[in-house]
Amino acid sequence: MAKCITCAAMGHEVPVDENQAKQNNLTLEYQGKTYYFENPEHLQKFQRDPDKFIQMAQQKGLAA
């Protein structure tokens, strides 16, 4: 089970089923890694500034 990177950036660990996210087009490949999202709004936020969300999640220890 993956975690929503947008949620992780806000300090929450929200599990996302990879298969369901794929079926609902809630995935995005960025710099060779696939990210999974809880909902379309989180995907859109991430797309606007992916590096910011990755960095915020890393600072909280919630992203690799």
Checklist entry - How much accessible surface area, in Å² rounded to 10, belongs to the heavy atoms of Glu13 with a 1.4 Å probe? => result 120 Å²
Checklist entry - What accessible area per residue comes out for the chain, rounded to a whole number of Å², with a 1.4 Å probe? => result 64 Å²
Item to check | Options [x] 107; [y] 90; [z] 72 - which one matches volume of the Cα convex hull per residue in Å³ as calculated here | outcome: [z]
Checklist entry - Where does the charge balance sit around Pro15 when Lys and Arg score +1, Asp and Glu -1, over other residues with C-beta under 13 Å from its C-beta? => result -3
Checklist entry - Percent relative contact order of the chain, based on C-alpha pairs within less than 8 angstrom and at least six residues apart? => result 41 percent
Checklist outcome for this item: With -39,500 (n - 2.57) per DSSP H segment of 4 or more residues and division by the full residue count of the chain, the 222 nm estimate, nearest 500 deg cm²/dmol, is -12000 deg cm²/dmol
Checklist outcome for this item: On the accessible surface of the chain, probed at 1.4 Å with all protein chains in place, carbon and sulfur together account for a percent value of 42 percent
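The values are calculated or read from the model by the stated rules, or taken from the named source; none is laboratory data. Note that this is a predicted model, so its numbers are computed, not measured. No Cβ is skipped: glycine too gets one built from the backbone with ideal geometry, and neighbour counts run over all protein chains shown. Areas reflect the complete protein model, heavy atoms only, side chains present, ligands, DNA and RNA absent. Shrake-Rupley method; radii C 1.70, N 1.55, O 1.52, S 1.80 Å.
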